[in-house]
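Participant: Please see the structure below; I have some questions.
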Amino acid sequence: QSALTQPVSVSGSPGQSITISCTGTSVDLSNYGYVSWYQQHPGKVPKLIIYDVTTRPSGVSNRFSGSKSGNTASLTISGLQAEDEADYYCSSYTSNSHLVFGGGTKLTVL
Amino acid sequence: QVQLAQSGAEVKKPGASVKVSCKASGYSFTTYYIHWVRQAPGQGLEWMGRINPSGGDTRYAQKFQGGITMTRDTSTSTVYLDLSSLRSDDTAVYYCARDIGGGGGYFDYWGQGTLVSVSS
């Protein structure tokens, strides 16, 4: 099972919006709605920020939003803040009842 | 409150085995799958597999088939990850995580991570 494809890095200035893409195939993201996103600060445990493609867990800022079209899921962060600087990972359920993560995207807030 | 408490760091030689534990508390242990995810130094997250604490059934990523075993002890609400024939590239932080997605992989709580270092 190959990893989902994410850009290695993205950047934006405070207040701007950025979008991180996550591309899969027909055996995972394209045919299943089990897509989630995680935020990980250096040295910290990953944190669930989006699940079911678009759902935010309680306590997660509404500046984070998710979407999916075809074989690509996207995470959008609006109103960028310094604290958003972190690594972001997407994840998808797969056809053989497994899971796969994306390679991760490093977000830099300029 | 929900907690997943993992065992401490391990240092092993190549070819050895290690068992990492993950003790759950604050919720009904058999309700949610537990997954194991590892992260090599400076690298991304890698899904290893999951166990159903209720029935004990497991699913392992193809890459780890034959090299890992996941078990659970319902009397202590603990899940175990056995890694055998360790190699240097197994050096990583190993996380357990609770899945609220019924197998779909929505990890709302994570253990603190266990660093396994493999070196001769």
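Participant: Taking every pair of alpha-carbon atoms in the protein assembly as shown, what share in percent sits in each 10 Å bin, from 0 to the bin with the longest distance?
Facilitator: Going out from 0 Å in 10 Å bins, the protein assembly as shown shows 8, 33, 36, 19, 4, 0 percent.
Participant: Output wanted: per-residue J couplings in Hz (rounded whole) for the stretch B:114-120, from phi through Karplus 6.51 cos²θ - 1.76 cosθ + 1.60, θ = phi - 60°, x for Gly and Pro.
Facilitator: Each residue's phi maps through the Karplus curve to give 10, 7, 10, 10, 10, 7, 7 Hz.
Participant: Now for a separate question. Quick one: 3J(HN,Hα) in Hz for the stretch B:16-33, Karplus 6.51/-1.76/1.60 with θ = phi - 60°, rounded, Gly and Pro as x.
Facilitator: Per residue, the Karplus-derived 3J(HN,Hα) values read 7, 10, 8, 10, 9, 10, 9, 9, 8, 8, x, 7, 6, 4, 7, 7, 10, 4 Hz.
Participant: Also, I was wondering about something else. Binning at 5 angstrom from zero up to the longest distance, how are the C-alpha pair distances of the stretch A:5-44 distributed in percent?
Facilitator: Calculated over all Cα pairs of the stretch A:5-44, the distribution is 5, 14, 22, 22, 19, 10, 6, 1 percent.
Participant: What's the Kirkwood radius of the stretch A:32-89 in Å, using all Cα pairs?
Facilitator: Kirkwood radius, the stretch A:32-89: 11.8 Å.
Participant: Over all residues in B:105-114, what is the mean tally of Cβ atoms on other chains that come within 10 Å of each residue's Cβ?
Facilitator: Across the residues of B:105-114, the mean count of other-chain Cβ atoms within 10 Å is 6.
Participant: While we're on this one: For B:Gly49, list long-range residues whose amide hydrogen, built 1.01 Å from N in the peptide plane, is under 5 Å from its own amide hydrogen.
Facilitator: Long-range HN contacts for B:Gly49: B:Trp36, B:Ala61.
Participant: Evaluate E = 1/(1 + (r/R0)^6) for B:Gln112 and A:Ser21, where r is the Cβ-Cβ distance and R0 equals 30 Å; express this FRET efficiency to the nearest 0.05.
Facilitator: Once the sixth-power term is evaluated, E becomes 0.45.
Participant: Moving on. Once you wrap a convex hull around the alpha carbon atoms of chain B, what is its projected area averaged over all directions, in nm²?
Facilitator: 6.9
No lab work stands behind these numbers, since they all come straight from the coordinates. In this text, all values refer to a predicted model and were calculated from it rather than measured experimentally. Methodologically, a virtual Cβ is constructed for each residue, glycine included, from the backbone with ideal geometry; neighbour enumeration extends over all protein chains shown.
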